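Written below as structure tokens is the structure these notes are about.
The values are calculated or read from the model by the stated rules, or taken from the named source; none is laboratory data. From a predicted model like this one, the values you see are computed outputs, not experimental measurements. Cβ placement follows ideal geometry from the backbone for every residue including glycine, while neighbour counts extend to all protein chains displayed.
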Amino acid sequence: MDAALIFDMDGVLADTVGPHYRSWRRLAEEQGFDPFLPEHNVALLGRTREDALTLFLRGATVPEARRAELLARKQALFLEEIAGLGPEALLPGAAELLREARARGVALGLASSSRNAREICRRLGILDFFTAFADGSVVARPKPAPDVFVWVAGRLNLPPARCVVLEDAQAGVRAALEGGFRVVGLGDSDLLQQAHRVFPSLEGVELGELLALLP
């Protein structure tokens, strides 16, 4: 079938939003920064680790060496938070959709800003579903630039118009739209209203509903 689904990972396939939030919160606490609250975490969704750190610092100027230290510590804290991660962390509906899409010959790609994406997918048991896989190290320009989605579509040998992107972050939705993809938002319909369709989550979403968005 000349169609593809391209997934973001965090908050779409896997419940890693919580581990990211807890690791940022712990970093703020141990470094003596202002408290890191859930609403602060929302702004970091879909960002590269470098961009996320800039937002985390809330305008503070920090030397590059210090930024590198903070990023390394954040990574260590995040790995602690996901130490027990397994297939049970897949979000409802994710496994069913992946299996059905593969059975029907729909190409599958993953486009994540996270450099931990491959390891997380391995722990979740879903790495082998994806024909094309991009993490935060693949392209120079992160979301909201469309580069990561365009890269994955190229590896799938499909034009953007034949790919449905599934995203939970505003930056990801904007990136996919700019790249000419069909876009499904997962989460808050007010935040993701630019998407072609919005669902609360993947739970109960039918493959046919997604493919119907394609021209």
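Within the range 186-209, how many residues are assigned to a strand (DSSP E or B), of a type outside the set (V, I, T) and out of contact with any Asp or Glu (no Cβ under 6 Å at 6 or more places or on another chain)?
Residues that pass the stated criteria total 2.
Being within 20 Å of L166 (Cα to Cα) and in contact with a His (Cβ under 9 Å, 6 or more places away or on another chain) narrows it down to one residue among L91, L110, L55, L44; which is it?
It is L44.
Looking at the structure I just gave you, is L53 assigned to a helix (DSSP H, G or I) and surrounded by 20 or more Cβ atoms within 10 Å (Cβ to Cβ)?
No, not satisfied.
Can you name the residue in the range 1-40 that is among the hydrophobic types (A, V, I, L, M, F, W, C), within 12 Å of the chain's Cα centre (by Cα) and surrounded by 22 or more Cβ atoms within 10 Å (Cβ to Cβ) and, of all such residues, is nearest to L53 (Cα to Cα)?
M9
Limited to the range 78-89, what total is found for residues that are part of a helix (DSSP H, G or I) and under 19 Å from the mean Cα position of the chain (by Cα)?
Number satisfying all stated conditions: 6.
Can you tell me how many residues within the range 33-50 are aliphatic (A, V, I, L, M) and in a helix (DSSP H, G or I)?
3
Mind listing whichever residues of the range 56-65 are loosely packed, with under 11 Cβ neighbours inside 10 Å and assigned to a helix (DSSP H, G or I)?
E64, A65
Is it true that E96 is at pLDDT below 95, outside any loop (DSSP other than H, G, I, E, B) and over 23 Å from Q193 (Cβ atoms)?
Against the criterion (at pLDDT below 95, outside any loop (DSSP other than H, G, I, E, B) and over 23 Å from Q193 (Cβ atoms)), E96 does not qualify.
Since A132 meets every condition but one in (1) at pLDDT 95 or above; (2) closer than 20 Å to L45 by Cβ; (3) buried (at least 18 other Cβ atoms within 10 Å of the Cβ), which condition does it not meet?
Status for A132: all satisfied but (2).
I'm trying to understand the selection: among the residues of the range 153-185, which are assigned to a helix (DSSP H, G or I) and under 16 Å from D10 (Cβ atoms)?
Q170, A171, G172, V173, A175, A176
For the list (1) within 20 Å of D168 (Cα to Cα); (2) in contact with a helix residue (DSSP H, G or I) (Cβ under 6 Å, 6 or more places away or on another chain), I need the number of the one condition that L85 fails.
Result: L85 fails condition (1) only.
For the condition among the hydrophobic types (A, V, I, L, M, F, W, C), over 13 Å from the mean Cα position of the chain (by Cα) and surrounded by fewer than 21 Cβ atoms within 10 Å (Cβ to Cβ), what is the one hit in A195, A140, A153?
The conditions single out A140.
Say we look at the range 52-98 and pick out the residues that are among the basic types (K, R) and in contact (Cβ under 8 Å) with a residue 12 or more places away in the chain; which of these is farthest from V12 (Cα to Cα)?
R67
Farther than 26 Å from S201 by Cβ and either modelled with pLDDT of 90 or more or among the hydrophobic types (A, V, I, L, M, F, W, C) (or both): is that true of D34 in this structure?
When the stated conditions are applied, D34 passes them.
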